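Worksheet: one structure, shown below.
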Amino acid sequence: MNKPHSLYIGLMSGTSLDGIDAVLAQIGPNGETSALDAVSTSFSPELRKALFDLQSPGPNELHREKQAGNALALAYAEAVNQLLKKANLQPSDITAIGAHGQTIRHQPHLGDMAYTHQTLNAALLAEKTGIDVVADFRSRDVAAGGHGAPLVPAFHAQQFQSPENLAILNIGGIANLTLLPKDGEVTGFDCGPGNMLMDAWIHEHQGNTFDENGNWALQGKVNEVLLTKMLSDPFFIKAPPKSTGRDDFHLTWLQEKMGQDNHHAEDVQATLLHLTAHSALEALLRHAPQTHTLIVCGGGARNNALMNLLKVKAQHVFKGSIEITTSDSAGIDPQLVEGLAFAWLAWAHKEKRPANLPAVTGAKGPRILGACYPA
């Protein structure tokens, strides 16, 4: 007799530091996952600043990080409570919450001393919601010699099926690719900055948290010299498995590439838009040139300028042989894919099923991911 479907909640607050997506997921006995409802909430300016400041070394870090982890747990709890109210559910209806937390350090290249750290007081989240919380998904993979990232390819492989060569491009703060060949092993890797640098640049100059539809980028002109300098970063030609984050790509990195030259702010934004599109398509061409369809998800899928640029560049890079669409075509809101993925990762933990892909992360083998904090 098959087990019944179960309800999980996935929480995602990405590298862009724009807020929280809370997704109510129904998951079947074989991991088949669908979104039933969702809410999105914004970070308070204070929490966003606290998390942003922790991205680089500073005074009294331990205290500030613990305070930010508490504040994030409270913000997560509020999002969960809003979602339960919207769906007319009780905490007892939910099997578990999958909570990624906020990455503030990612150092997978240090051998036995490698680490990745996502701040979150998961015990406080369990206490405030009355629901089991599964968190800290990356550490087990890192302990097994992997990068602990990206984690979503395993979910993509579960969720997206095609008789053709398929690829998934998730554009959050960081962009990552999942390659799903019709014959062959699932692979994936981070391919470079997604929204992160664009968000940081517009926040620096206009105070906005993101460039809606890429409208500001469209006011600028691409600086080809600057784009070439940015694409010369060794990360882009590094062979997978590979992962990245704010440790590698940040405003100081951008300023170093800009040097002493004078740049119009909107031109830099336009160039960053091209960086995201170019680096993703070049990585796809290098590692999966026979891709028939590219499905885009994440917040970047809602950036019309970025989507249009991907389609235009793809016509040149792939000679018109690739179709680019969003996960809407597969019945999943692009903004909810990562939240669904962490609901699925919580399910995998509860079911004691390995959820990493060693071909993606470089781990020694399959591992059960996460740590559970009972309600």
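The values are calculated or read from the model by the stated rules, or taken from the named source; none is laboratory data. Small disclaimer: the values here were computed from a predicted structure and weren't measured. FYI the Cβ positions are ideal-geometry reconstructions off the backbone, even for glycines, and counts take in every protein chain you see. Heads up: the accessible areas ignore ligands, DNA and RNA and are worked out on the full protein's heavy atoms, side chains in. Shrake-Rupley method; radii C 1.70, N 1.55, O 1.52, S 1.80 Å.
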Within segment 107-118, residues out of contact with any Lys or Arg (no Cβ under 8 Å at 6 or more places or on another chain) and either of a type in the set (A, V, I, L, M) or touching a residue at least 24 places away in the same chain (Cβ under 8 Å) (or both) come out as GLN107, PRO108, LEU110, MET113, ALA114
Selection from segment 44-62 of residues that are part of a helix (DSSP H, G or I) and either more than 20 Å from the chain's Cα centre (by Cα) or closer than 15 Å to LEU74 by Cα (or both)
PRO45, GLU46, LEU47, ARG48, ALA50, LEU51, GLU61, LEU62
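So that you can scan it fast, the table gives a plain yes or no per residue for (1) of a type in the set (A, V, I, L, M); (2) more than 16 Å from the chain's Cα centre (by Cα):
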| site | (1), (2) |
| --- | --- |
| ALA288 | yes, yes |
| CYS297 | no, no |
| ALA314 | yes, yes |
| PHE318 | no, yes |
| ILE322 | yes, yes |
| THR325 | no, yes |
| ASP333 | no, no |
| PHE342 | no, no |
Being more than 30 Å from ILE202 (Cα to Cα), crowded, with 21+ Cβ neighbours inside 10 Å and not small (Gly, Ala, Ser) narrows THR15, THR33 down to just THR33
Taking ASN356, is it buried (at least 20 other Cβ atoms within 10 Å of the Cβ) and in a loop (DSSP other than H, G, I, E, B)?
yes
Could you name every one of the strands (runs of 3 or more DSSP E) located completely within segment 66-135 that has at least 2 residues being crowded, with 24+ Cβ neighbours inside 10 Å and among the hydrophobic types (A, V, I, L, M, F, W, C)?
96-99, 133-135
For residues that are part of a helix (DSSP H, G or I), open to solvent by 10 Å² or more (accessible area, probe 1.4 Å) and touching a residue at least 60 places away in the same chain (Cβ under 8 Å), tally how many sit in segment 310-340.
4
